[in-house]
Amino acid sequence: MAETSSPTFLCLASFFKGVEFLRECKRQGARVILVTKEKALHEDWPRESLDDIIALPNDASAELFIYLASQLARPQKIDRVVALEEYDVITAGLIREHLCMEGMTSADARVFRDKLLMCHKASAAVILVPEFLHVLNYDELRGFMARVPAPWIMKPRTDVSAIGIKKLEDSEQVWRTIDALDARDNLMERSVFYLLERFIAGDVFHVDSLVNDGKVIFAGVNAYGRPPMEVAHGGGVFITRTIKHNCEDHRRLLKINRKLINALGLKHGAAHAEFIKSAEDGEFYFLEVASRVGGAYIAETLEAASGINLWREWARIEITRAGGNGSYKLPAPRKDYGGIVLSLARQEYPDTSTYTDEEIVYRPKKRHHVGLVVSSPKLERVDELLNEYARRFTEDFTAIVPPLERAE
C-alpha cells in the first residue's frame, strides 16, 4: 500500500463512546479505524467517518486486541492508538508497548483504572483521600474497622461509576460481603480485587479536563445534584450542572485537580476526576479519576456552558501530536452555565416534545433513557430548569432498576 501523509488512528471502544472524537479525526484528515465488540457493533457509529470498523468477540482478550493491531499495522503505519472507553485504556497501553509507540503505557494507564493505586498516588501527593485499605490482610482489616468509624464503602478496584460499590454499616457486613465475593467463580471479582474506604457524607463534584504536554489547558467544574452512588443504588433522576464561576469551591477544585493530574502523570488527553466536599469539615477529598471523557452526557453539558467539546478538542490534540500542521490551540471558552437532567425511562424512546424552554440545547437519544441539556448565562435559571425537569421526569418517565454488579 502506498504511503500517505494522513495519520492513521486506531481507536478502541468496547462500549458506544466517542462519536465526536471519531468525526473530528476524519474532519482533520486522519484515517480512522474503530475496534469495538460485537455487542456494540449495531450502535449508531459515524460510519461515514470510519475507514474501517472491526468487532471482536465480547470476551476478547487483550492478546487478541494486540494481535489484531499487529495485523492492521502490516499494510499501514498506525500513528496513534486511542482508548475512547475506560475499559480499553490498559489494552491501548499494551498495544502501544507492543508496537513500540509513544504514549501512555499499560503501567501509566493502570493508575487511572485501579482505584487502590490512584488513592495511593493521590495520598502521596498530599491530596486528601478518605482513609482506605486493600481488602486483603485480615488483621489490617480488623485494625482499620476499629480505627475508622463506620459506615464504609467497599468497591472494586477497576470498575467504573458506582458499579459493584456497597455501603456497609458494621464489621459483620464487611466479613459477610467478603465471603460472598470470594464465592464468585470469576477470580477477578473476588474480594482481593476490592478496597475498603471510609464513607464521607457530602456533595460530590467532578472536574473534567483537557491536558496537553502535561498541563491542564481546560477544566470544567460541575456539581452533582445527588451523589452518583445514591442515584445508582436508589434510582431516580441524575443531575449535574456548572458551579458558580470563580467562587471559592471553583478555585479550590481547579487547584486540587491540577495537582492530581500532575501527580498521576497524565501527559495529554482528557480526564474526569471526582471529589467530595465533606459535610463534616468542609474539605475536598479525592474519590477517583479516569483518563477519559466523563459519561452521562457530561461532554454535552460542558459544551453547553463553555462551547468546548471535550471529544472534539481531544481529537485535535491527538492530531497535532500525530504530526498535524502547527501546534494545538484551545478555542476561547465561554463562561455560561450548563446542566443536564437524565433518567432511565419506562418508554423505549421517550417523547420530550412538551419540554419547550429555549434554554434546551441537547436531547439525548438512547433507548429507555430520557434527558435534557440546558444552557444559560445565569446559574439560577439552570437550577430552576433542572429542578423543574427532575420533578416532571419522575412523573412522566422515570424507571428504577436494580444497580449493576458488573459492567458486562
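Only one residue in Leu287, Leu330 is of a type outside the set (Asp, Glu) and under 18 Å from the mean Cα position of the chain (by Cα), so which one is that?
Leu287
Which helices (runs of 4 or more DSSP H) sit wholly inside the range 66-136 and have at least 2 residues that are farther than 20 Å from Thr158 by Cα?
Because the criterion is at least 2 residues that are farther than 20 Å from Thr158 by Cα, the helices (runs of 4 or more DSSP H) in the range 66-136 that meet it are 89-99.
Kindly provide the set of residues from the range 382-393 that are open to solvent by less than 80 Å² (accessible area, probe 1.4 Å), acidic (Asp, Glu) and farther than 15 Å from Ala305 by Cβ, ordered by number.
If the condition is that a residue be open to solvent by less than 80 Å² (accessible area, probe 1.4 Å), acidic (Asp, Glu) and farther than 15 Å from Ala305 by Cβ, then Glu388 is the only one that fits.
Considering only the range 216-225, how many residues are open to solvent by 30 Å² or more (accessible area, probe 1.4 Å), touching a Ser or Thr at 6+ places or on another chain (Cβ under 7 Å) and in a strand (DSSP E or B)?
1
Can you tell me how many residues in the range 31-75 are touching a residue at least 60 places away in the same chain (Cβ under 8 Å), surrounded by 13 or more Cβ atoms within 10 Å (Cβ to Cβ) and over 20 Å from Phe21 (Cβ atoms)?
0
For the range 108-159: of the residues being free of Cβ contacts under 8 Å to residues at least 40 places away in the same chain and of a type in the set (Lys, Arg), which is nearest to Asn257 (Cα to Cα)?
Taking the candidates together, the pick is Arg110.
What are the residue pairs meeting all of these: first residue in the range 170-183, first residue within 15 Å of Pro156 (Cα to Cα), second residue of a type in the set (Phe, Trp, Tyr) and open to solvent by 20 Å² or more (accessible area, probe 1.4 Å), Cβ atoms under 9 Å, and 6 or more apart or on different chains?
Leu181/Phe193
Can you pull out every residue in the range 351-381 that is open to solvent by less than 30 Å² (accessible area, probe 1.4 Å) and either closer than 21 Å to Arg226 by Cβ or hydroxyl-bearing (Ser, Thr, Tyr) (or both)?
Answer for the range 351-381, where residues must be open to solvent by less than 30 Å² (accessible area, probe 1.4 Å) and either closer than 21 Å to Arg226 by Cβ or hydroxyl-bearing (Ser, Thr, Tyr) (or both): Thr352, Tyr355, Pro364, Val370, Gly371, Leu372, Val373, Val374, Ser375, Ser376, Leu379.
Residues being outside any helix (DSSP H, G or I) and either among the acidic types (Asp, Glu) or open to solvent by 40 Å² or more (accessible area, probe 1.4 Å) (or both): count how many of those fall in the range 178-215.
13
If the requirement is being touching a Pro at 6+ places or on another chain (Cβ under 8 Å) and at negative phi, which of these qualifies: Arg241, Arg252, Arg198?
Arg198
The values are calculated or read from the model by the stated rules, or taken from the named source; none is laboratory data. Note that the coordinates shown come from a computational prediction; the quantities given were computed from them, not determined experimentally. Neighbour counts run over all protein chains shown; Cβ positions are idealised from the backbone, glycine included. For accessibility, only protein heavy atoms count, side chains too; no ligands or nucleic acids. Shrake-Rupley method; radii C 1.70, N 1.55, O 1.52, S 1.80 Å.
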